[in-house]
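The values are calculated or read from the model by the stated rules, or taken from the named source; none is laboratory data. Computed from a predicted model, the values in this text were never measured in an experiment. Cβ: placed from backbone, ideal geometry, glycine included. Neighbour counts: every protein chain shown. Just the protein is used for accessible areas: all its heavy atoms, side chains included, with ligands, DNA and RNA removed. Shrake-Rupley method; radii C 1.70, N 1.55, O 1.52, S 1.80 Å.
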Amino acid sequence: MRILRSRRFRASVSDSNYHFNVGFRRFVTSCRAVVLPRFGGPEVLELRPNVKVPDLKPHEVLVRTRAVSINPLDTRMRSGYGRSIFEPLLPLILGRDVSGEVAAVGDSVRGLSVGQEVFGALHPTAVRGTYADYAILSDEELAPKPASVTHVEASVIPFAALTAWRALKSTARIAEGQRVLVVGGGGAVGLAAIQISVAKGCHVTTTCGKQSIDRVLAAGAEQAVDYTAEDIEFVIKGKFDAVLDTIGGPETERKSINFLKRGGHYMTLQGEAASLTDRYGIAFGLPVATAVLLKKQNQYRCSHGIEYWWTYMRADSEGLFEIQKLSEAGKLNIPVEKTFPITQVIEAHEAKEKKQIHGKVVLKFD
């Protein structure tokens, strides 16, 4: 990492954000970052000591990274998921979640200040991710870190919680007293969905593996069904206002949709946009994906009277601040199973690849 060591300059940094931003290029010009030069297994990841830190745009924030979580999207991107989008942009930096401190702010940023502890998440198609000593996010992608949690604990929350938030709050618009089914409640998005729904006053049923039963019940689910041992179509009773499917697949989709009331919402994390784009290229793949989605929406609207959606995480400043409040109040928590130093990023990805660790893994920065 290349940093200006002048005490006089650093003192001027603490006096004014304006002085900090004017001197930014002289303050941090490069830093350590985990770079993905090509698609492949964990071994392709490279921790490089001097990766350029771009200048800040007006609404951007430079974050001194303290912890980042490894999301399924990271391992899938590393292996080639979204190849048609990302291959022309290689090398890129993986990582979506981050927790750290504000190191600098763009000229138009008003809600955050240098030195403030923050957490947040980049959108799924960002090229310069958070596996770096210094990450760059827009001011809409950050919020004050909940004071009640550590950087490690905070780093696993934003991407998963915002994914669940978009599905349940923005798309389904869940309301108090409604019934919500979370298919695959043991993962980070599933756990976040359970807690967000419970906080809204909904009645939650979930499916998960045996090892996650106690965890999802502690998160507030009223019924937890081990899908490996029981047939969910016979065990789960009644109809639901919303179903969030984190697993996907034709059979899971069929069962999930049959649980919905008329007017209900089915949302799956396993949409086909990226896979179709990879198969046919951006120019042809995106129109094909749009056509497939519209066909399914019309099909299920006519046959079942429900709304069908592919759902993805997106930046939502209001949602992130509400998530921050829930976490601060102890109503939204995603357990961390294991931490690795950033220098062991390959080992961390290998452990996730081999399914040696089922829970959340966090990369810590010095």
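Taking the condition of being in a strand (DSSP E or B) and either of a type outside the set (Val, Ile, Thr) or open to solvent by less than 10 Å² (accessible area, probe 1.4 Å) (or both), how many residues in region 36-71 meet it? Spell out the reasoning first.
The first filter runs over region 36-71 and keeps only residues in a strand (DSSP E or B), leaving 36, 46-52, 60-70.
This time we only want the ones that are either of a type outside the set (Val, Ile, Thr) or open to solvent by less than 10 Å² (accessible area, probe 1.4 Å) (or both), so: 36, 46-50, 52, 60-70.
Residues in region 36-71 being in a strand (DSSP E or B) and either of a type outside the set (Val, Ile, Thr) or open to solvent by less than 10 Å² (accessible area, probe 1.4 Å) (or both): 18 in total.
Any idea which of (1) under 26 Å from residue 302 (Cβ atoms); (2) open to solvent by less than 20 Å² (accessible area, probe 1.4 Å); (3) in a helix (DSSP H, G or I) is the one residue 212 doesn't satisfy?
With respect to (1) under 26 Å from residue 302 (Cβ atoms); (2) open to solvent by less than 20 Å² (accessible area, probe 1.4 Å); (3) in a helix (DSSP H, G or I), residue 212 is out only on (1).
If residue 163 passes every condition in (1) open to solvent by less than 30 Å² (accessible area, probe 1.4 Å); (2) within 30 Å of residue 48 (Cβ to Cβ); (3) not assigned by the TED database to the domain that holds residue 244 but one, which one does it miss?
With respect to (1) open to solvent by less than 30 Å² (accessible area, probe 1.4 Å); (2) within 30 Å of residue 48 (Cβ to Cβ); (3) not assigned by the TED database to the domain that holds residue 244, residue 163 is out only on (3).
In this structure, does residue 220 turn out to be open to solvent by less than 50 Å² (accessible area, probe 1.4 Å), in a loop (DSSP other than H, G, I, E, B) and in contact with a helix residue (DSSP H, G or I) (Cβ under 8 Å, 6 or more places away or on another chain)?
yes
Could you tell me whether any residue of region 324-344 is among the acidic types (Asp, Glu), surrounded by 13 or more Cβ atoms within 10 Å (Cβ to Cβ) and part of a helix (DSSP H, G or I)?
Start the filter on region 324-344 by keeping residues that are among the acidic types (Asp, Glu), which leaves 328, 337.
Next, only the ones that are surrounded by 13 or more Cβ atoms within 10 Å (Cβ to Cβ) stay: 328.
With the extra rule that they be part of a helix (DSSP H, G or I), the set shrinks to 328.
Yes, because at least one residue in region 324-344 is among the acidic types (Asp, Glu), surrounded by 13 or more Cβ atoms within 10 Å (Cβ to Cβ) and part of a helix (DSSP H, G or I).
Check 121, 104 and return the single one that is at pLDDT 95 or above and within 21 Å of the chain's Cα centre (by Cα).
121
Give me the pairs, please: first residue somewhere in region 317-344 and under 17 Å from residue 131 (Cβ atoms), second residue anywhere and open to solvent by 50 Å² or more (accessible area, probe 1.4 Å) and among the basic types (Lys, Arg), beta-carbon distance under 6 Å, and either six or more positions apart or on two chains.
Partner pairs satisfying both residue conditions: 339/364; 341/364.
Would you say residue 317 is within 30 Å of residue 144 (Cβ to Cβ), at pLDDT below 95, surrounded by fewer than 21 Cβ atoms within 10 Å (Cβ to Cβ) and within 21 Å of the chain's Cα centre (by Cα)?
Yes.
Can you name the residue in region 288-311 that is open to solvent by less than 80 Å² (accessible area, probe 1.4 Å) and either touching a Ser or Thr at 6+ places or on another chain (Cβ under 7 Å) or basic (Lys, Arg) (or both) and, of all such residues, is farthest from residue 258 (Cα to Cα)?
Selected residue: 289.
How many residues are open to solvent by 30 Å² or more (accessible area, probe 1.4 Å) and either in a strand (DSSP E or B) or charged (D, E, K, R) (or both) if we restrict to region 242-287?
10
From 126, 121, 103, grab the single residue that is more than 15 Å from residue 342 (Cβ to Cβ) and touching an Asp or Glu at 6+ places or on another chain (Cβ under 6 Å).
Checking each option against the conditions leaves just 121.
Test each condition in (1) in contact (Cβ under 8 Å) with a residue 60 or more places away in the chain; (2) open to solvent by less than 10 Å² (accessible area, probe 1.4 Å); (3) part of a helix (DSSP H, G or I) for residue 195 and report the one that comes out false.
(2)
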